[in-house]
Structure formats: structure tokens, C-alpha cells
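S.K.: Quick one: the structure is below, and I'll ask about it shortly.
The values are calculated or read from the model by the stated rules, or taken from the named source; none is laboratory data. Note that the structure is predicted; figures quoted are calculated from it, not measured. Note that we place each Cβ from the backbone using ideal geometry, even for glycine, and neighbour counts take in every protein chain shown. Remember, those area values only see protein heavy atoms, side chains included, never the ligands or the DNA or RNA. Shrake-Rupley method; radii C 1.70, N 1.55, O 1.52, S 1.80 Å.
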Amino acid sequence: MTQTGGAAKLRIGELLVSRGLISNEQLEQALARQQREGGPLGHIILSSHMVGTLDFYDALTDHFRRGRIGDLLVEKGMLSEEKLTEAIYIQGEWGSRLGDIILAKGWVSPYAMGQTLADHFDKPHVDLMQNRPDIRLLDRSKLSVYSEKLFMPWRREGGLLKVAVVDVTPELLKLVDETVGEPFDFIVTSKFDIIWLLQEIGGSYYSEKAVHELANALPQYSASEVFTSKQLLFLFVWMTLSVIVLAIWPIPSLVILNLSISLFLFLNFGLRMVLGWVGGEKHFDQFVTDEEVLALDDRDLPVYTVLLPMFHEAATLPNIAQALRTLDYPLSKLDIKLILEQEDDETINAAKELGLEGIFEIIRVPESLPQTKPKACNYALHFSRGELATIYDGEDAPEPDQLKKAVIAFRKSPANTAVIQGRLNYFNVAENWLTRMFTMEYSLWFDFYLPALDALHIPIPLGGTSNHFKMDILREMGGWDPYNVTEDCDLGVRLTQAGHRVGVMNSTTFEEANNSIPNWIRQRSRWLKGYMQSYLVHMRTPIKLYGELGHVGFWGFQFFIGGTIVSALLTPVLFLMYILWLVTSTMVFDPYFPSFVLYITLFNLLVANGMLVYLFMLSGFKRRYFGLIPWALTVPFYWVLQSWAGYKGLWQLIHNPFYWEKTHHGLTTFEVTHDVTAGQPGKPKV
Amino acid sequence: MIRPHSVANTFVLVSVTLLMVGITIWLLSNGFQFEGATQRWATVVGALGSSDVLLENLNFLQPHLPLYVLIPFYYIPGLDTGAAPYLVSVLSAAILLFMWDRDLREVDISTFRHALLAILIVIHPAFLWAATSGGYLVLSMITFYMLYRSAQHIITEHDIHSYISLAVVFLFFFFIDGSAIFIFVALLPLLVVIAPLRTIMVSPASLYLIVGTPFAFAVATWGYMNWIFEGDFLYFITNADSAFMGGMLHIQEYPWLQQYGGQFFMPMIAATGYMLIAYPVSIYLLLDTMNNSYRFRASFVLLLHPLIVIGIATSQYYLKHPFEILGLISAGVMAELTFIKMQTKREFVLLVVFLIVSSAGGWWLFAQSGNPQMQQWMQALQGDLHLNAEEDADLAVGLWLKHNRQPTMLYDRDAFRVIAARGDAKDLQLSFSRDFKMHVRERIPNVAQIAVPDPGTIRGRRDRLNIRYPHLYEHGMKGFRLVYDHLGWRVYRQNHV
């Protein structure tokens, strides 16, 4: 309801005059117009451009306010006295606004809160689904601002623009003022009304941005073009020359090929040894200590967006919802986005049935190609309000203090740090051979390799989840590449190229390790295909890349990203040759392995492979998964699987580059838990 | 507070290094030659001088790293006299001292104390012998030093680095010293003293796997290399010439093995006596650390480990002399000194006294029980050893071959001193070479010269050329004439050459 009653009119006018915002003449003009046309004085003053909305409400906030939110809720019987007392106590701890705390706790529905807020500000509460806005008033170029800040132009009444808002703060009013660029007044609505309506109206806009923003703004970084014409030309020339050289000098050229492969694998091994050693430094495990977490003041914590892309994962939804609820972070500062595909009714319905608290928001991503996780995340970015953001998967169980650790890690890191990668590991460690291998591999990757990459300034291929971003930089980078099926890896390299730092921290998210070989092959083939995409994208201009990454960064990229691909593709060829030689004692290969090549090959076969097996052992030892250590001896079979996935990925890169091989989750028989410490891996469900 | 590294400390170490160089020159000028050093140098010279430079030419009967460190010196002009192994020994000893100096910074001691400790370490005969004799014992000492540092880190830090270090040190140890297997096995029971109790209680197997796997890989790798190049996985422990066999096939030459070979406890007890004389400082360190659990565990391992090694190695007829292992205690003591706090004057004085007593005991023990080479070394040190080059058969024929350069067949296994005296292996057709293998298939080899030792000697009987051509030494061969006959060596040359 807007202001009515003669006494109030006088008081508004007097207040504005006394603040010097309008003159007596202007007040008289407004009163005259009110007499002529009727309507509230404030409305007339605003629509006559006598004063800006911001100044108007700055001067008159107390005038409009009726009661306190908490009291109003108690008065209406929506909240008990006890809850209010608790909320006030929590407010002292968290430093959040009372309404946000009550919403986050789920004590009052967002709709009811909207109504109360409207009463508090003595403004109308509008159900946008019933009273739809005038879409001609929407500026399409500002849809992202609307969705991020939760307001939208609603209608024009009496010549004055009415803007629907979810909350009323001076900062928001200032932003609205700057965005709409004309005098306005506001009405109150609930946040889901705005979110749903903007998705309905702006779905195609957000989709377009999610899919094409990077390709349009920075095409050189988009994997939408798999091979550039220059790369194809290079490939053609290189292959032609190779065939010619092979035809003219078959033995020397094969010797050179063997030598190149052997040296590459040797250096690749060397890099991994260095990473294993550097990553084993004790301080990486104590980068953020428990004491620092305890000393953190919750009132200083920023709003944190948690992106939760899911697709046909209704079964895992309750687990992740519970895991997020139990995060040691003020709930009122969590902005959780359940990012669901529009056609995924199963998960959408499951989410609705769970009756999630107000901190959870369902973002429905309209159907469009490519149907990939990065596209979904890009879409959700438009609705995200956090200063920091992270991604979790449906089957994740992050350690409860992870977000706080990320905040501390950012504070302790150099200013150019754009993202902090948490560690990933598995809760179903001992489920079968594959989960054991996968656990050791992940432990090696996240507990040794990534900290070492960070220390050595080599681009870090981010993991799929638990990477914590500064939101402004993430947006500045154009989000993730929706065409890249390992968008995380690509983004890590892209951030480094742009001069940002990618850091790591000592907090673990436990996931479900793939326990089925076909499912694992699907997942791994996508990862390797994505690595190939990322490699091709960043090697379009190798000299520029060299300049941006420096010596160590460039060669680290070649061996860490390129080496992973090359190893996967070469392993079966080399194993096959070796087995053939072993079984048949053939001398066919002898001319191609002169002594110096033979020695390097022998070194790679015996020492390098042996030490790589040992690294797997160490990964289990460091995580105190002692039971895994003997299993490390079987890792060569895992490498064979890796190669299988590598060839599948290569095939798909050529035939179906943007296809997202979906990994099925929820296959485990183990309990989802983050309590996988001190040598106690997860347990089977009872 | 850790003192900034003082220039004076560096000066002391450089001086000590120069002193060791001086002693080495003095020893060599007095005619001292270490058989092992000559053999290693000859192996390197033979392999690198061959027409096909192949890894397998170094043979797989001895650890390879002591050979690899000699390779760069082969290409340095002026070192063809065989001085390279001695140079490597001194340089390695200097490296060990500098490593120790770096680690000693963790202990707050003055430059004077630092210098005093360095001198007392170096003057111990075990250290000086290792540093100046041209053997690879000093490489083993470096490894042993790192091994103990790793063990200390496991005790105090038990971080992943210390476990990796220990495991990788063992891996390298296998490629440095044939006794590494005994050093490894002897440490296994002591791991329960080193590792944190919690890990031992939860999963002892994992601990042993983490520490032992690289070593197991090293052994397997060596076996595989033997299989690839020699056709037998166990070639390195079945061949009579193998250094990995230790003294097993020559028990009669070694009093220690004659007395204790095949036993475990008796050599341990005897070695304890040796240690009490040559390293009473170990006992002092143990007693001094009684009140500190961490330090005590490290000292306890330092005391017991070498004794167990000696027991096992002797029981397997490997160990020729207890000082082969006891000498490593010098490195262990060095590591121990980086770990203890010498805060009080009393503590430091006692330590110095025990180091002096250790040195004195060591010299006495060396004089009383040293093997023939050690005795020669001591004589040379005193300036009493004067070998007559003209009476040295190998040296004489080697020098003759140096001045009569022709393609020459020579069975190298026992003729390493000949090769070392010649200075290089250019034009020598040694047993691993294709030419040698091709020629021995012929009734009359088409080679310019053949050199053979007297078949009446042990060496002559083992010489493959004598075995292939049994009448060659006595009667020559059709188409060849005798061109050299001196002190049991004959060289035949083709008539038309």
C-alpha cells in the first residue's frame, strides 16, 4: 500500500524540504498536482523528477517503515518468540540480516517473508506470476543484472516506473536507479517470482549467453572449432613430410621416432617425479589450519554461491542437500543453485518434493546444444549473487569447513589468485579394484601433483568440482567454455594465461568413485577428449602461449596435459611391442632400437614405470589408506584402461567432439560421507 | 636461532678438502694403488675405449653408479694415468662434508666448534681411508649419511618426504654398493624403532612396502638387465667374478671370513668389540640421548644397525673385513651430530673427547687388523711404501702396450691393471667386444697382437685366451712372433705387422 492520509502527505513534503531535497515551490507544485490528479504525494514527487528515488527513500525510510521484521513475523504468527530470539542471537554471530537468517533456516517461506517485507515498508506485495510485468519495460541487455540482483521493472503507473524488488537496501536502490535510469518506485515480491519469471522471459537470452558468450568475445579460447585451419594445415604438412621421410629413410626415421617417444616419456616421468616430491611438502597440508578456521569471524564472511549442476540425479539430491546444509558456513550467506535441465522432470520433482529451504534455488536450464555442464553453469552464473563461487557434483560430500578454508586461502594468497582448488577424493575407496585404483590416482593428482603445479607456476587443470572462484574474475573470463568437455581444465589454463593465479588448498571433497568399468570408460574418455580439446585450443598460438606461461609453465603444460594424452595413447603400442618381443624373441625391432634408444626405453620400462607405481603407493600412504598400498602393484592394468578411454576419446574428438559422455552416479553401495579420515574409508550402506 | 652460514665454515671445509687432496697425492707418490680403484677405472676405460660404447660393456657384476661417476673424467685430458678414482673419492668426501655442513646449520654451534668437529671427523682412519683410497666406500658413506638423515626425519617429522627419501636412498644404494642388500635387510627390524607407533600398529605391511618397494624394484631391474644382456636373471650373484658375491668364493683369502663366515652372532659380538674401539662415540651418543626419546631412537639405530649388517653379511660369506661396514659409522655419526644439541660446554667437551678416543682407537684397529690394502695405505701414509714399477708385471706390460699401439686381443677380467697402466683401451680388443668374440671363433685370429699371461698362474689359468689357445703362451702361434716376454706376460704379433 502506498501512503495515504493528509497528515502523512504534509510530513513527507516537510521532511523533503527540511532535507533540502525539494524547494517549497516544488512542494507546492506537487501538492497542486495531487489535488488535480489525486494519488500519493511521494509518487507525484518521484514521477515529477523533483528528487531521485535513492534520495527520496534515504530521507524517508523511517517514515515508511512499520515495525521490525521479526516483530511483524511474530505478530502474524509466522514465527515463535523463541525462534526470533534464536535468530537475533544468530544475527550477532553471522552478521547477516534477520530476514536472511529466518529464510535460510527455513522458518518462514520466501513468499511469506516477501509479504512481511512489503508490510514493513508499507508497499504492495505483488505475485508476479499473477500480476505479470510489462515486458516492454525490460532492457534485454540488463537481464543479467536483474537476475543477479533480484529486481526487475514491473509496470509503469501514473507515469512512474514501478520496480519489483525482493529486498530493500540503499545499495540495491542505488543499483536500480543506475540501471533503470529514471525515477522509480518499488513494489515487493518474492525471490522465486523474479527468478522464475526472468527464466521464462529471458531463457533464450541466458542460453545464448551461456553457449556463445566466450565464442563471441574470445573465439581463440573456444573449443567450438576443434581444429583451426592452421592446425589442419600443419597436420597435413607434418604427415606428408613424415610419410616422405619414412619412405626414403625408413630405419633412421623410425629410430628418431622411437627416440623422440622415449625422451618424451622420460621427461614426462621426470616431471612427475618432481611433482611427487614438491607436492609432498608438508606445508601444503597445513596451508589453512584448523586454528585459522576456528579464529574466523563469521560476520566477515562473504556471500558464497554454490553451483550444483545435476542431470537425472534425483537419487543423489537428498545427500548433497544434506551435505550443504551441514556446511560450517552461515546459511544466510549461502546462495545455492540447483542447476537442472528443463526436461529433467525427475530431478526437478525430487527437488520440489524435498521442500528445500530458501537458500536453495532451482535454476532450470532450457534445452539447447551443447547439453554440457559448463553451459548449465554459465547459465546459472546469471542468477548467482556470491562474491565467491564453487561447484559441487550431486554425489559430493565436502568437508564441512571447506568454504571457510577457501575464504582463508584467498585471504592468504596473492591478490591475483582467481581460484582455489580443493582436493578431491572418494568415500567408496574399498568397494572394488577400480575404486581403489581411482582413489590412488585422485590422491596422487590432488594431494601431490596439483600443489606442486601451483608451487612451480605450471597451469593447473582444475578438477570438476570443489574449485572456488572469485565471482568477478569468473565472469570477466566469460565463465566456462560450453564446448569443452573438460571445461575445468581449460579454465585453469585460461586463467593462468590471463595472469591470474590458480591455487590449491587442503580441504577435501569426497565423491563417489566409479565402480563400473564401462561407466569409468565413459567418464575417462570424456576427460581425455577434453584434455585433447584444451591442448588444441591453447596450442593454436604456441608462441603466444609460451610468452604468457613462461618457460616452466609452457613446458609444464606440454608434459602435464600433453603428456597425459600421449602416455594414454602410446602405452598400448609400447606394451604390445614389448609383449611381442618377450613372447617371440623376435629381432624385428632391433634395428629401430639402437643402444642409446634401448637404454632410455629400458629405463622407462623398468625405473620410470616402477617409480610411477611407487607414486601410487605413496598416494595411499599419505592419505593413510594403507590397505590400498599393495594394490598399487596392479596399476599397469589401470593404465591399459586409461589407454582404452584415450582412444575412445580421440575417436569422439573427431566424430562427436562436443558430446558429453554422462557419468552415472549413485551406483555405489557405500554411504556418502566426508568422514573418511585416519585410514577409515567409507563403509557400505547398512 | 640458526646462525647464518659463516664464510669461515666454508674456509675450514675447503682447507680440509685441500688437506685430503694433499694426502692423496702423498699416498700415490709413495706408490699406493687401490686394486678396486684400478679395476673400476680399467672397466670404464675398457668400455669407453671400445669401438661400440655400450652399457653392457661395463658388465653387471658390480654396481654401476661408482663407474658412472668416473665417466666424465675419462674425457678430461691428463687423467689417463688412473688418478680419476682418487679424485672422485676426494671430491665425494668433500661433497659429504659440505652436505654435513649444510645440515649442521640446524645446530647452533660456533665456527671453532664446527671446525674442530670437521677435523675430528676427517682424521678418523675410516673416513680418511674412504676419502683417499680411491674406492667407492665414500659414495656408500654419502648414501649412508642420507639414509640416517631420512631415518631421523621419520622419527621427528614422519612426513612423506622422509619416507620417500629413505626409500629412494636405498634404491640408489643398491646401484652403489653390493652390501646394500644387507644394509637394507638389517634396517627392516629397526623400522619399528624409527617409524611412528601409530603407523606400525595400524599397518606395518604398508610401512615396509613404502620403504622397500623402490629397493625391490632396483633389484628386479638389475636382474632384468642381467637377463637382457647376459641371459640370466641371477648372473650377478652366480658369476664367480661378481662383486655382489663379496668374499664368498675367496674365503681363504680373508681372515675375517675364515674365522666368522657363516655365523651371525659371533661376528656381531666381534664387531661390537671393533666398534667399541673405533667408535666409542656411538656409545656416548646413545647414553647422552637417554632423556630424549627421539634422539635416543636415532642413536640406538645408529649403534645397532651396522652390527646387524655385519652379522648378516658375514653369515652370507659376503663381508671380507668389518671395516667395510664399520667405516660407514663415520657417516652415521656425522648425521647424528646434525641431530643433537650441543648446548653445554660439558656436552661438547665430552663429545670431542669421545671423537678423539674414537680416532685413536680407529688408528690402532687399522694398524692391528687392517687388510693388506689398508696396511699398504698406512705404510704409504707413513712414507714407507715404495713399489718398484719395474717389478710390476701388469704395469710393465701395460706401459709396453701403451708405446706399441696395435690392435691387441686381451682378456680383461683379470688384466684391469694392464688396461689402467696403458691409459686407454683404444685398439684393445677386450672380451666383451664383437672383434674379440669373432676372433676367438677362428683357429688363428686375424689380429695384430695377442697378450696372454703365464698359464701357470691362477690368473693365467682363468684367462680365456689361454683356454682357447692353450699352447699360445709357450709355443706361440702360426703367423705370430713373440715381441714381449717379461714377468709372466707375453705378447705375440702377426708377422706381417
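S.K.: With respect to A:VAL597, determine if the residue is more than 21 Å from A:LEU528 (Cβ to Cβ), aliphatic (A, V, I, L, M) and within 14 Å of chain B (Cβ to nearest Cβ).
M.R.: Yes.
S.K.: Which one of the conditions (1) away from chain B (no Cβ under 14 Å); (2) within 21 Å of A:ASN515 (Cα to Cα); (3) surrounded by fewer than 17 Cβ atoms within 10 Å (Cβ to Cβ); (4) of a type outside the set (Gly, Ala, Ser) does A:PRO630 fail to meet, given that it meets all the rest?
M.R.: Of everything listed in (1) away from chain B (no Cβ under 14 Å); (2) within 21 Å of A:ASN515 (Cα to Cα); (3) surrounded by fewer than 17 Cβ atoms within 10 Å (Cβ to Cβ); (4) of a type outside the set (Gly, Ala, Ser), A:PRO630 misses just condition (1).
S.K.: In region B:63-95, how many residues are open to solvent by less than 50 Å² (accessible area, probe 1.4 Å) and more than 14 Å from every other protein chain (Cβ to nearest Cβ)?
M.R.: Of the residues in that region, 17 qualify.
S.K.: Right, another one. Return the total of residues in region A:334-366 being of a type outside the set (S, T, N, Q), in contact with a Pro (Cβ under 7 Å, 6 or more places away or on another chain) and under 24 Å from A:GLU148 (Cβ atoms).
M.R.: 2
S.K.: Quick one: in region B:310-333, which of the residues that are part of a helix (DSSP H, G or I) and of a type in the set (Ser, Thr, Tyr) is most open to solvent (accessible area, probe 1.4 Å)?
M.R.: B:SER315
S.K.: So which of B:PHE127, B:PHE98, B:PHE60 is among the aromatic types (Phe, Trp, Tyr), more than 14 Å from chain A (Cβ to nearest Cβ) and surrounded by 18 or more Cβ atoms within 10 Å (Cβ to Cβ)?
M.R.: Going through B:PHE127, B:PHE98, B:PHE60 in turn, just one is among the aromatic types (Phe, Trp, Tyr), more than 14 Å from chain A (Cβ to nearest Cβ) and surrounded by 18 or more Cβ atoms within 10 Å (Cβ to Cβ): B:PHE127.
S.K.: Quick check on my filter: what residues within region A:191-205 are out of contact with any helix residue (DSSP H, G or I) (no Cβ under 7 Å at 6 or more places or on another chain) and of a type in the set (Gly, Ala, Ser)?
M.R.: A:GLY203, A:SER204
S.K.: Does region B:428-460 hold any residues that are in contact with a helix residue (DSSP H, G or I) (Cβ under 8 Å, 6 or more places away or on another chain) and charged (D, E, K, R), and which are they?
M.R.: Scanning region B:428-460 gives a single hit, B:ASP454.
S.K.: Another question, then. Name the residues in region A:527-543 that are of a type outside the set (A, V, I, L, M, F, W, C) and either crowded, with 22+ Cβ neighbours inside 10 Å or assigned to a loop (DSSP other than H, G, I, E, B) (or both), would you?
M.R.: A:LYS529, A:GLY530, A:TYR531, A:GLN533, A:SER534, A:HIS538, A:ARG540, A:THR541, listed by residue number.
S.K.: Sticking with this one: Assess whether A:LEU574 counts as being touching a Leu at 6+ places or on another chain (Cβ under 9 Å), closer than 28 Å to B:THR221 by Cβ and within 11 Å of another protein chain (Cβ to nearest Cβ).
M.R.: Judged against the criteria, A:LEU574 is not a match.
Conditions tested, residue by residue: (1) farther than 30 Å from A:SER222 by Cα; (2) small (Gly, Ala, Ser); (3) out of contact with any helix residue (DSSP H, G or I) (no Cβ under 7 Å at 6 or more places or on another chain).
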position: A:ARG624; (1), (2), (3): yes, no, yes
position: A:LEU628; (1), (2), (3): yes, no, no
position: A:VAL635; (1), (2), (3): yes, no, no
position: A:TYR638; (1), (2), (3): yes, no, no
position: A:ALA645; (1), (2), (3): no, yes, no
position: A:GLY649; (1), (2), (3): no, yes, no
position: A:LEU653; (1), (2), (3): no, no, no
position: A:ASN656; (1), (2), (3): no, no, yes
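S.K.: Next question, about the same structure. Among the helices (runs of 4 or more DSSP H) lying completely within region B:379-487, list those that include at least 1 residues that are at pLDDT below 90.
M.R.: B:393-403, B:416-422, B:434-439, B:458-462
S.K.: Still on this model: Would you tally the residues in region A:94-110 being among the β-branched types (Val, Ile, Thr) and either more than 7 Å from A:SER332 (Cβ to Cβ) or open to solvent by 30 Å² or more (accessible area, probe 1.4 Å) (or both)?
M.R.: Number satisfying all stated conditions: 2.
S.K.: Out of A:ILE565, A:ILE579, I need the residue that is open to solvent by less than 40 Å² (accessible area, probe 1.4 Å) and of a type in the set (A, V, I, L, M). Which one?
M.R.: When all the criteria are applied, what remains is A:ILE565.
S.K.: Let me ask another. Kindly indicate the residue of region A:155-168 that is in contact with a Leu (Cβ under 9 Å, 6 or more places away or on another chain), assigned to a loop (DSSP other than H, G, I, E, B) and open to solvent by 20 Å² or more (accessible area, probe 1.4 Å) and also farthest from A:PHE383 (Cα to Cα) among those meeting that condition.
M.R.: Per the criteria, the residue is A:ASP167.
S.K.: Restricting to region B:39-57, name every residue that is more than 14 Å from chain A (Cβ to nearest Cβ) and not small (Gly, Ala, Ser).
M.R.: Passing the criteria: B:GLN39, B:ARG40, B:TRP41, B:THR43, B:VAL44, B:VAL45.
S.K.: A further question on this structure: Let me confirm something: among B:PHE172, B:PHE182, which residue is open to solvent by 40 Å² or more (accessible area, probe 1.4 Å) and under 19 Å from the mean Cα position of the chain (by Cα)?
M.R.: Among B:PHE172, B:PHE182, only B:PHE172 is open to solvent by 40 Å² or more (accessible area, probe 1.4 Å) and under 19 Å from the mean Cα position of the chain (by Cα).
S.K.: Next up: Residue pairs, Cβ under 7 Å, 6 or more apart or interchain, first in region A:201-229 and within 17 Å of A:LEU369 (Cα to Cα), second open to solvent by 20 Å² or more (accessible area, probe 1.4 Å) and among the aromatic types (Phe, Trp, Tyr). List them.
M.R.: So the pair list comes out as A:LEU214/A:TYR221; A:SER222/A:TYR483; A:ALA223/A:TYR483; A:SER224/A:TYR483.
S.K.: Now a separate question. Considering each of B:PHE98, B:PHE60, B:PHE73 in turn, give the residue that is of a type in the set (A, V, I, L, M, F, W, C), assigned to a loop (DSSP other than H, G, I, E, B) and at pLDDT 90 or above.
M.R.: None of the others qualify; the one that does is B:PHE60.
S.K.: What number goes with the only condition from (1) in a helix (DSSP H, G or I); (2) under 27 Å from A:ARG540 (Cβ atoms); (3) more than 14 Å from every other protein chain (Cβ to nearest Cβ) that A:TYR206 does not pass?
M.R.: Every listed condition holds for A:TYR206 apart from (2).
S.K.: OK, next. Can you name every one of the helices (runs of 4 or more DSSP H) wholly within region B:142-198 that holds 1 or more residues which are within 26 Å of A:SER443 (Cβ to Cβ) and away from chain A (no Cβ under 14 Å)?
M.R.: Output list reads B:191-194.
S.K.: Related question: Out of all the residues in region B:130-142, which are among the β-branched types (Val, Ile, Thr) and either touching a Pro at 6+ places or on another chain (Cβ under 7 Å) or surrounded by 24 or more Cβ atoms within 10 Å (Cβ to Cβ) (or both)?
M.R.: Those that are among the β-branched types (Val, Ile, Thr) and either touching a Pro at 6+ places or on another chain (Cβ under 7 Å) or surrounded by 24 or more Cβ atoms within 10 Å (Cβ to Cβ) (or both): B:THR132, B:VAL138.
S.K.: Could you say whether any residue in region B:340-354 is open to solvent by less than 40 Å² (accessible area, probe 1.4 Å) and at pLDDT 90 or above?
M.R.: Yes, that holds for at least one residue.
S.K.: Is it fair to say A:LEU128 is among the hydrophobic types (A, V, I, L, M, F, W, C) and assigned to a helix (DSSP H, G or I)?
M.R.: Here the answer is no, as A:LEU128 does not meet what is asked.
S.K.: Turning to a different aspect of this structure: Output the residue which, of all residues in region B:213-245 that are within 21 Å of A:VAL607 (Cα to Cα) and outside any helix (DSSP H, G or I), is farthest from the other protein chains (Cβ to nearest Cβ).
M.R.: Among those that are within 21 Å of A:VAL607 (Cα to Cα) and outside any helix (DSSP H, G or I), it is B:LEU234.
S.K.: Looking at region A:497-526, which of its residues are touching a residue at least 12 places away in the same chain (Cβ under 8 Å) and part of a helix (DSSP H, G or I)?
M.R.: A:GLN497, A:ILE517, A:ASN519, A:TRP520, A:ILE521, A:ARG522, A:GLN523, A:ARG524, A:SER525, A:ARG526
S.K.: Let me ask something additional. Just one of B:ALA448, B:ALA421 is farther than 15 Å from B:ARG493 by Cα and aliphatic (A, V, I, L, M); which is it?
M.R.: The unique qualifying residue is B:ALA421.
S.K.: For region A:604-620, does any single residue satisfy the condition of being assigned to a helix (DSSP H, G or I), at pLDDT 90 or above and either more than 30 Å from A:TRP433 (Cβ to Cβ) or more than 14 Å from chain B (Cβ to nearest Cβ) (or both)?
M.R.: The answer is no; no qualifying residue exists.
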